[in-house]
Structure formats: C-alpha cells, structure tokens
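Inspection log for the structure reproduced underneath, given as structure tokens.
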Amino acid sequence: MANKMNKMRKGLEVITGQHKEFKLTECTNANEQTVTDVRETSSKLERHIVGRTKEKDKILAYLSESMINEITVLPIYGIGGLGKTTLAKMVYNSPQFKEYSQVWVYVSQTFDLKKIGNSIISQLSEKNREIAYTEKQMIDNYLQKLLANKNILIVLDDLWENNKSHLEELLGMLKVGESGKVVVVVTTRYEDIAKKICTIQPHKLAPLKDDECWTIIKQKSDFESRYDQQELRHIGKDIASKCRGVALAAQSLGHMLHSLPFDEWESVRNSDFWNLSDSEDTSSTHVLPSLKLSYSVMPSYLKICFAYCAIFPKGYKIVKDDLIHQWISMGFIKAESKSSTWQLGEKCIRQLLGLSFLEHSKSALV
Ligand SMILES: Nc1ncnc2c1ncn2[C@@H]1O[C@H](COP(=O)(O)OP(=O)(O)OP(=O)(O)O)[C@@H](O)[C@H]1O
Ligand SMILES: [Mg+2]
C-alpha cells in the first residue's frame, strides 16, 4: 500500500506540473456567460405526458382565484427530474391563458436580472427582439411600458437564486401597479426559494404514482412490441415502484431496459443500488439510486465516454462531432468488425441522450 501511495503521489505531481504548464485556469463567470446552458428549456410541451392533469387543474384554479391581485407568484417546487418544468409547460399551454401575453424565461443557476429583463422585453416586443439593454434603468423603463395595461403570464423556469433581496428586486421589476395583471409561475428545486418568492401558497409537486412511472418505462422501453411482456410485466412494475415517482428516473431506466433481455430486467430489479443510502438532501449533488444504476450498467466504453464530459464547464454546449473526435483520439472507442469508430461514437451519443445523461441543446433544435 505504501508503494502504491508513493506511486500515486508521484502521478499527482506530474499532473499538477502539467496543469501549470498548460496554463489551465478555472472558468470565470465571464466565460460561463458565453456558453449556452444545456438545461435551457422552452415552453414547448413534449408528447406523451403521463398524469399530472389534476395538479395542473389545481394550479389553474389557484391562479384564477388570485387574479384580482396585481402580481401573483406561484412557485412549483420539488426534487430534480420530478416534472416541475413539464407541469409549468402544461399551465403555460392551457387555454386559460390564451388571452394573455405569454413569456417563458429560463433563469438557470446564474441569476442575471438584466438577462431576465431583456428576455421578457424581447418576447413581448416585436421591435426590441434583437436589442439587449445593458442598463438596468432602460430595462425597467421598457418593462414598465410593456407590462402596463396587459394581462401577462410569465414562467420563470429553474430558479436557483436564494438571496432575498435579489428575489425582491426581480419581483420589483415585474410589478406594474394596478393597470396590469402579472401572473408568474416559478419552478425551483428548493422549498425556501419558493417560500421567499411566493405571493400565494407554493405548490409542492407530488411524486408520480408507481403506475405512472410504469407507463413511462413502458413507453421508453417500447414494451408493447416485446414478445416476453407476460414475464416482464411484474418485474417492470417492481422497477417502476423504485423510481420513487421521479419522471426522469423512469425515463432513463425505460431507455436502459429497452434492449435488455428478461434476466437483465431481473438483475436491474434486484440490484443493490436501490438500497444505497438516499438522504432527504435535495441539493444538486444528490443522485437518485435509479440514475446511479443507469450509470453502473453502462458498458465500460460508454462510462468512460460519459466521464470524459466532465472536462467541459457546467452548461457547456458540446459540439457532437468534436466530442466524437475527442473520444476517438483518447482511444475510448475502437472500431469493431461491424462498425467504424465514428459509427460507435454516434451510437454512444445516442445512448447518452436516451439515458438523459446528455441533452439536446435548445439552439441545436431550432
Ligand atoms: N408526467 C410526465 N410524463 C412523462 N414524462 C415526464 C413527466 N414529467 C416529466 N417528464 C419527463 O421527465 C424529464 C424531467 O422532467 P422535468 O424537466 O419537467 O423535471 P424538473 O422537475 O423540471 O427537473 P429539474 O429540477 O432538473 O429542472 C423530462 O424529460 C420530461 O419530459
Ligand atoms: Mg426543470
């Protein structure tokens, strides 16, 4: 062990030396802002949403009750992947808000009041679509003009800012006095943020029911086209119940189970990963056992390809072809008799997308 430690220390010294030599520096905030966040969302609703209609109706009812107020803020909160953004999209797209001017803002972990203000201005005003105001005063002036005498629905998706005075500043920016009605739906992982920003009772999003998770798994694994449905059904239902109502987990597992035979469905169900200690911690580092499981059953080449993505700064927009080139040059993927390295690289991308370990960037889809 002592020898091993010695060797490891020497290895680390070499890495530190190279780090200095290559002048690798940590990313500053300024750099982060130039990259597109892969988590960025839009109001477009996916097909095949399972359940959630009762919750949507409840939120719509809450909102219509409080429409008398100048500004109504209703946060939806719950752990990552539970379906907050999806529910916000359902509210946004409901006929109740047809007559409203609508704005969808993806807030992200970097809270930037000016960016939020500019995003609202560009969505509400044809004229100012391309302009980004740099001064807060200008933004406030324009917003006051644009929000006055209108009914407006604003979704602030993925809010991480916890500072009370920043949140108050945000609300201040959206208030226009009695002439208009502003309805704001916020999504956040944190209850305390929800409580700080709300004007009416925040909505704690419930986990999906086990049979709803099972429906998602069936959709993603293309269950209906399998010949061994009979044997798999009860195993699948057991797996669904272990997703603990998290839509993202069901989606990721469903994709993983797609190509697996009966005995591997069984080993997924019986895996020790489900018993991993799973605290109530809802921080961003919290990994659900189901997602860890998806990782653990990846083939080793895919694991290393995925782990390699850690070199990109958070929120980085990765260019697919560049990533495949990098994987190949690092020797992570090697040609097989049936497929070339490039084809294997593309397959890795597809697999990681399917598992929801990578996401299409919004700008790539438009
Ligand atoms: N009711 C549902 N039926 C089917 N799929 C769903 C449902 N709810 C969410 N999903 C899917 O699960 C994934 C995660 O959902 P969503 O992005 O809404 O979660 P979130 O709570 O906003 O997560 P985060 O905290 O990371 O922002 C998405 O791909 C979404 O399409
Ligand atoms: Mg979300």
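The values are calculated or read from the model by the stated rules, or taken from the named source; none is laboratory data. None of these values were measured; they are calculated from a predicted model. Cβ: placed from backbone, ideal geometry, glycine included. Neighbour counts: every protein chain shown. Ligands, DNA and RNA are excluded from the accessible area calculation, which covers all protein heavy atoms including side chains. Shrake-Rupley method; radii C 1.70, N 1.55, O 1.52, S 1.80 Å.
Where helices (runs of 4 or more DSSP H) fall wholly inside the range 298-366, the ranges with 3 or more residues that are open to solvent by 50 Å² or more (accessible area, probe 1.4 Å), over 18 Å from LEU253 (Cα atoms) and modelled with pLDDT under 85 are 362-365. Note on the range 197-223: residues that are surrounded by fewer than 16 Cβ atoms within 10 Å (Cβ to Cβ) and within 16 Å of ligand 1 (Cβ to nearest atom) amount to 5. If you go through the range 81-115 and pick out every residue that is surrounded by fewer than 16 Cβ atoms within 10 Å (Cβ to Cβ) and within 15 Å of ligand 2 (Cβ to nearest atom), you end up with 1. Residues in the range 75-96 that are more than 10 Å from ligand 1 (Cβ to nearest atom) and touching a residue at least 60 places away in the same chain (Cβ under 8 Å): PRO75, VAL91, TYR92. Taking residues in the range 208-219 that are of a type in the set (D, E, K, R), and partners anywhere that are within 16 Å of ligand 2 (Cβ to nearest atom), the pairs with Cβ atoms closer than 9 Å and at least 6 places apart or on different chains are LYS209/GLY245; ASP210/GLY245; GLU212/ARG52; GLU212/GLY245; GLU212/ALA247; GLU212/ALA250.
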